[in-house]
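Colleague: Just dropping this structure here.
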Amino acid sequence: MKKIIIVALISGLFLIACKSVRKKTEEIQNKNEWVSLLDENSLKGWVVKITRQPLGENYKNTFQVQNGVLSVDYDAYDNFNDSFGHIFYDKEYSDYKFRMEYRFTGEQLAGGGNWAKRNSGIMVHCENPRQMGIDQKFPVSLEVQLLGGLGDGERTTGNVCTPGTHVVIDGELIKKHCVDSNSKTYDGDQWVKVEVEVRNDSIIKHYINNELVLEYANFEVGGKVDANKELWQSKEGKPLSKGFISLQSESHPCEFRNIEIMEL
């Protein structure tokens, strides 16, 4: 009888161990799979923050989803009036790959800056949208700047801009706001694929249509911010190791689709 009990206990412990190993294996497999972040016809899982508007207020229906396409729409606007917007996926990430396709459509809304024509971006390692100031224009983050060609020369995309942050490129701490990539120029309304690989606080890589166009390292808090200045000054020089992901509305209509993430 004792032998039977011992064998039963050992068998039970073995089964528990097997289940634990299987669960961990499944978690690892799930982490290395692409997962869609966009619902087919709703903004489920996303949070909107537009300048001068309370968190969650999708002012004039700026962000819309239809048939799996997230659009920045200004049909209800008369003038842009500095209504800079961001739509955040409501979860923090640290190590991941993010990919999607984007394109610019139509004409820029009246009142938008000349620099904002065919201009949008993916903000990674964003601050929590719940701590943004009511009048804040841009979250502290690292921006993968998305630009469309203007039909009269070169205009790279997949650049990096740094609202409230600094990065290191080729061993040098970069404090200027934007650094160009080495991408091609994409004119018209063609869909362009962008992928970003983010590794904690160590390195970020930008890919455009599967080509590596820019990489930088050792990102940290630093530079000008337009809200919560004392908070960010107290964090000056500290590394950014995680944050939210957001997409911009900067006065030119655009569309995003096939928005996916792979946790690493």
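The values are calculated or read from the model by the stated rules, or taken from the named source; none is laboratory data. As the structure is a prediction and not an experimental result, all values here were calculated from the model. Backbone-built Cβ (ideal geometry, glycine too); neighbour counts: all protein chains shown. Surface areas here come from the heavy atoms of the whole protein model, side chains and all, with no ligands, DNA or RNA. Shrake-Rupley method; radii C 1.70, N 1.55, O 1.52, S 1.80 Å.
Colleague: State which residue pairs qualify: first residue more than 19 Å from GLU195 (Cα to Cα) and inside region 118-136, second residue buried (at least 24 other Cβ atoms within 10 Å of the Cβ) and β-branched (Val, Ile, Thr) in any location, beta carbons under 6 Å apart, and separation of 6 or more residues or different chains.
Modeller: GLU127/VAL140
Colleague: Specify the residue that is surrounded by the fewest Cβ atoms within 10 Å (Cβ to Cβ); the eligible residues are those in region 146-163 that are in a strand (DSSP E or B) and in contact with a Ser or Thr (Cβ under 7 Å, 6 or more places away or on another chain). Lay out the reasoning, then the answer.
Modeller: Filtering region 146-163 down to residues in a strand (DSSP E or B) leaves 146-147, 159-161.
Restricting the remaining residues to those that are in contact with a Ser or Thr (Cβ under 7 Å, 6 or more places away or on another chain) gives 146-147, 159.
On the way: LEU146: 26, LEU147: 23, ASN159: 21.
Of everything passing the filter in region 146-163, ASN159 is surrounded by the fewest Cβ atoms within 10 Å (Cβ to Cβ).
Colleague: When region 93-129 is examined, which residues are found to be surrounded by fewer than 23 Cβ atoms within 10 Å (Cβ to Cβ), aromatic (Phe, Trp, Tyr) and within 13 Å of GLY149 (Cα to Cα)?
Modeller: Listed by number, the list holds a single entry, TRP115.
Colleague: Out of ASP39, ASP90, I need the residue that is open to solvent by 60 Å² or more (accessible area, probe 1.4 Å), assigned to a loop (DSSP other than H, G, I, E, B) and modelled with pLDDT of 95 or more. Which one?
Modeller: Numbers: ASP90 fails: assigned to a loop (DSSP other than H, G, I, E, B).
After ruling out the rest, the residue left standing is ASP39.
Colleague: Quick one: count up the residues across region 196-250 that are under 30 Å from ASP75 (Cβ atoms) and either β-branched (Val, Ile, Thr) or open to solvent by less than 50 Å² (accessible area, probe 1.4 Å) (or both).
Modeller: Matching residues across region 196-250 total 10.
Colleague: Restricting attention to region 58-71, does a residue exist that is within 29 Å of VAL167 (Cα to Cα) and modelled with pLDDT of 95 or more? Spell out the reasoning first.
Modeller: Initially, region 58-71 is screened for residues within 29 Å of VAL167 (Cα to Cα), giving none.
No, that holds for no residue.
Colleague: Of all residues being touching a residue at least 12 places away in the same chain (Cβ under 8 Å) and part of a loop (DSSP other than H, G, I, E, B) in region 57-74, which is farthest from ASN128 (Cα to Cα)? Just the residue, please.
Modeller: ASN67
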